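Here the structure is laid out as C-alpha cells; the discussion comes afterwards.
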Amino acid sequence: MMHLFMPDYTIGLDLGGTNLRAAVIDASGTMLDKIGGATNFTEGREAVLHDIVTAIQSLRDRHGAAGLAGIGVGVPGFIRIKEGYITNSNNLPYLENFPVRDEIERRLNARVVLENDANAAALGEQWMGAGRGVDDLVLLTLGTGVGGGIISGGRILRGFVGMAGELGHTTVIPGGNPCGCGNRGCLEKHASATAVSAMAQMMHLGADLTSRDICALAAQSDDVGEKARAIWRVMGEALGVALANLVNTFNFPLYLLSGGMLPAWQYFAPPMLEEVERRSFTYRATKNETRIAQATLGNEAGLYGAAYLPRVEK
Ligand SMILES: [Zn+2]
C-alpha cells in the first residue's frame, strides 16, 4: 500500500491488574485502533512479556512500522525510571526487579517509555481529558487502591527515582488502618473501593458489597441509607485531607478524581470539599481558580497517557 502522506502514530499499552489493552493514537489524540482483553497473569513473567510484545507487534503490523513514532507502556507499581524496571507491584510480582523495559525494547527492536499506570493516566487526562489546556494538575485514581499522578509544566513529576506521586500512601489519619506499604492511615485505606466495601461490612450492610452497591444504598431514606451515607462522608473527609495537603503543596489549578466510585460523587464530594476548605488556606484564597473535578477519560486515560509518553519524553 502506498500513501502520499503517512501520518505518524504512537502505541500506548496499559497493563492493568487483570487485563492488557493497547491502542494506536495519532498526534491529534484520535484513537485509531484498540485491542485488549484478559491476560493470564498467573502464568508468570514470560507469558505476560509475550502478551505485551504480541499486542504491540500486531498493532504495528496493522498500521505500518514506518509511521510508528514511539511506544509507551503503563504498568502498576513503583517504577525505577532510569533502569526501566518495577520494584514493587502487588499485581505483577514476577515482573519485579527485572529489566522489563529493555526486554520489551529488545524483542520489538524499538524504543519504549515505561511509566507507572496512574502517572500515565494523569498525562492522558492532561492531553485529551478533563485537563486539556492545563499544564499543572493532580489525578487521584480511586479503585481497589488509590493511585496518583502529578503533572507539572506538562510533564510527569517523577522524583529522582520515579516514585513520586504515590498519593494513595500519603497519611490522612495518623493512627488509621494499617496498610501493606508499612504505614498506617494511608489515603487508600480510607478512600479506596476496598476501604468503602470494608466499612460497609463493619456496619453490617453486607459482605462483598461493591462501591456501586453502597452508592445505591445511599439513596435509601431509611437507616441503611443513613449508614451508607456515613461511609461516603468518611471517605470524602479522607479525600479532603489529602486534597488539602496537595493544594497547599502545589497550588495547582486542577485536581481530578477518577475511578469506579465517581457515581457516588454527590455523597462524598460535599464533605470532601468542606474538608479542603477547612484545612487549606491556599484553597480558600484561590477558591474561584482552584478546581476539584471529575476526570473524563475513565479507564482509557492510561491508554492515552501511555501513547502520549513518547511525544513528551524525548
Ligand atoms: Zn500505604
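Details
- Among (1) open to solvent by less than 10 Å² (accessible area, probe 1.4 Å); (2) in contact with a Pro (Cβ under 8 Å, 6 or more places away or on another chain) - the single one N90 does not satisfy: (1)
- Residue within region 11-29 that is assigned to a helix (DSSP H, G or I) and open to solvent by less than 50 Å² (accessible area, probe 1.4 Å) present: no
- Out of A216, A191, sole residue that is open to solvent by less than 50 Å² (accessible area, probe 1.4 Å), under 26 Å from G298 (Cβ atoms) and of a type in the set (G, A, S): A191
- Filtered residues of region 175-212 (kept if of a type in the set (G, A, S) and either under 23 Å from the mean Cα position of the chain (by Cα) or more than 16 Å from V224 (Cβ to Cβ) (or both)): G175, G176, G180, G182, G185, A191, S192, A193, A195, S197, A198, S211
- Hits in region 261-303 (condition: over 23 Å from R233 (Cα atoms), open to solvent by less than 30 Å² (accessible area, probe 1.4 Å) and touching a Gly at 6+ places or on another chain (Cβ under 8 Å)): A301, G302, L303
- Among the residues making up region 118-147, a single one is under 13 Å from G168 (Cα atoms), in contact with a strand residue (DSSP E or B) (Cβ under 8 Å, 6 or more places away or on another chain) and open to solvent by 20 Å² or more (accessible area, probe 1.4 Å): T141.
- Among the residues of region 148-161, those identified as surrounded by 22 or more Cβ atoms within 10 Å (Cβ to Cβ) and over 20 Å from S192 (Cα atoms) are I151, I156.
- Filter result for R62 (touching a residue at least 12 places away in the same chain (Cβ under 8 Å), open to solvent by 40 Å² or more (accessible area, probe 1.4 Å) and in contact with a helix residue (DSSP H, G or I) (Cβ under 9 Å, 6 or more places away or on another chain)): no
- Residues (touching a Lys or Arg at 6+ places or on another chain (Cβ under 7 Å) and within 23 Å of G124 (Cβ to Cβ)) located in region 261-281: P263
- Residue in region 243-259 that is surrounded by fewer than 24 Cβ atoms within 10 Å (Cβ to Cβ) and over 18 Å from L137 (Cβ atoms) present: no
- When we screen I11, I52 for residues that are modelled with pLDDT under 95 and touching a helix residue (DSSP H, G or I) at 6+ places or on another chain (Cβ under 9 Å), the only hit is I52.
The values are calculated or read from the model by the stated rules, or taken from the named source; none is laboratory data. This structure is a prediction, so every number in the text was calculated from the model and none was measured. Backbone-built Cβ (ideal geometry, glycine too); neighbour counts: all protein chains shown. Each accessible area value is taken on the protein alone, full model and side chains, heavy atoms only, with ligands, DNA and RNA left out. Shrake-Rupley method; radii C 1.70, N 1.55, O 1.52, S 1.80 Å.
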